[in-house]
């Protein structure tokens with residue numbers, strides 16, 4: 001018979017509580033660590049966002065100045081929350097580093113010149129919720145980012161239609177003087193400059209009616225008819241080559257009368273004009289000027305060219321509404337440097353005066369006068385320019401100033417990081433012209449300026465400016481798919497339209 005054995009039960013009061021307490025402490029510690037680690041992770045993300053924003057903002061201001069880039073970086077750090085509400089990262093100026101980003105190598109190198117990138121490092125002394133329990137109440141965090149400014153492919157698109165020399169048309173001077181308070185001689189000054197470029201002496205020079213100074217000359221709109229049909233008619237005191245005979249045809253009368261005007265008036269009034277006024281060597285050229293200036297009087301003079309002082313867009317009332325037909329009619333039949341300059345402005349760069357010769361304003365004419373810019377403050381200092389027709393010459397200098405600024409910003413940059421520039425012009429007469437094309441491998445800022453130096457307005461006989469064609473040409477030239485050898489795939493595209 002078996003006897004049941006009894007075991008004595010030991011007392012364990014409080015043991016479970018201790019185990020639970022230890023487990024709870026461990027659990028709470030893990031929760032605290034998780035909260036702090038999550039807090040740190042969130043702050044790291046916020047800090048990186050702040051650094052990214054600051055670097056991009058700074059890079060966008062590099063083209064202005066390093067100081068502007070620093071200010072932008074600080075502004076964007078202040079705008080981005082890092083940590084609790086109202087808190088943000090800390091950015092010292094020493095943590096804003098300017099340098100060069102080598103796109104091919106993917107390397108940022110600090111540089112004091114030619115910066116095309118900014119490296120920004122934002123820091124945060126972040127308080128922890130439970131870090132004091134572990135002896136670390138704070139953690140120091142930092143995040144860095146590089147913002148890249150460019151490179152850019154820049155297209156200057158310039159209007160060279162006939163209106164681009166209208167500010168140096170002879171009837172615009174007084175309107176320009178009165179249009180700008182405080183600059184009451186600005187219109188006159190532009191004309192003085194052009195007179196100087198042509199070697200015409202003091203502005204406005206002397207202008208005289210056809211035949212003025214001869215006994216009995218009417219000095220009005222009938223001056224040509226009087227000269228041809230009265231003064232030169234059978235006048236034995238006049239050399240035979242100019243003497244009009246009763247049985248001469250209208251065309252012969254015109255040739256003799258124009259020859260007399262060229263040799264006896266133009267040669268005296270305009271000794272510095274080119275080509276030299278001479279009926280023997282340059283009759284056709286100066287006959288075009290006389291056709292341009294002489295008001296028809298019935299059948300006289302015969303066979304005038306259709307392009308005259310009252311044609312084209314003369315006067316340009318879109319710019320100067322106060323101008324009327326009297327603006328040009330007061331110059332009819334008047335000869336001299338002033339009206340000759342108007343003749344050249346209207347013929348512009350591209351309209352032939354004769355079958356082989358352009359106006360003396362045009363670079364297509366070998367006798368065009370050139371002048372050196374001797375103003376040290378001018379962006380065109382030291383360069384040789386054709387006559388200062390306006391506003392074209394102002395555009396030349398403005399674009400040169402912009403190119404000089406681009407060149408300054410790109411000093412020290414490797415070729416692949418440089419801004420590239422092209423020059424596109426447009427007018428209806430010559431269409432759209434790429435005067436300096438983009439090259440994906442290089443850009444010579446001096447060569448772009450040289451192309452700008454020689455831009456000139458077209459003739460005044462076509463009104464449409466073809467602006468849309470110029471812009472389309474720029475869009476196509478900046479498109480790597482259309483212009484793979486010039487436009488760079490990853491560059492920013494900029495169009496500056498004048």
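A short reminder: the numbers here are calculations on the coordinates, not readings from a lab. Here the structure is a predicted model, which is why all the values come from computation and not from measurement. Cβ sites come from the backbone with ideal geometry, for glycine too, and all protein chains shown count toward neighbours.
Data for the structure
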| read-out | value |
| --- | --- |
| Cα-based Rg and Dmax for segment 200-368, where Dmax is the largest Cα-Cα distance (Å) | 15.8, 51 |
| Contour excess over end-to-end distance, with Cα ends at residue 129 and residue 229 and 0.36 nm allotted per residue | 24.9 nm |
| C-alpha center-to-center spacing [segment 439-477, segment 272-296] in angstrom | 32 |
| Length added when fully stretched, residue 318-residue 305, from 0.36 nm per residue minus Cα-Cα | 2.1 nm |
| Within the chain, percent of DSSP bridges classed antiparallel, to nearest 5 | 70 |
| Size descriptor, Kirkwood hydrodynamic radius, that averages inverse alpha-carbon separations across segment 88-223, Å | 23.1 |
| Net length gained if the chain between residue 267 and residue 87 were fully extended (0.36 nm per residue, minus Cα distance) | 56.5 nm |
| Whole-angstrom gap from segment 205-229 to segment 360-388, using each part's C-alpha centre | 36 |
| Inter-site label distance for residue 363 and residue 493 at 7 Å from Cα along Cβ, in nm | 2.7 |
| For segment 18-149, the spread of Cα positions along each principal axis, largest first, Å | 69, 33, 19 |
| In degrees, nearest ten, helix 337-347 long axis to first principal axis of the chain (Cα) | 60 |
| Within the chain, helix-based [θ] at 222 nm, where runs of 4 or more DSSP H residues each add -39,500 (n - 2.57), nearest 500 | -10000 deg cm²/dmol |
| 0 to 90° range, to nearest 10: angle between helix 186-198 axis and the chain longest Cα axis | 60 |
| Distance between modelled label sites at residue 372 and residue 330, nm, 7 Å Cα→Cβ extension | 4.0 |
| Share of alpha-carbon pairs per 20 Å distance bin for the chain, given as whole % | 18, 33, 22, 13, 7, 4, 2, 1, 0, 0 |
| Whole-number Å³ per residue for the convex hull built on Cα positions in segment 146-250 | 251 |
| Helix axis angle, 66-79 relative to the chain longest principal axis, alpha carbon, degrees | 40 |
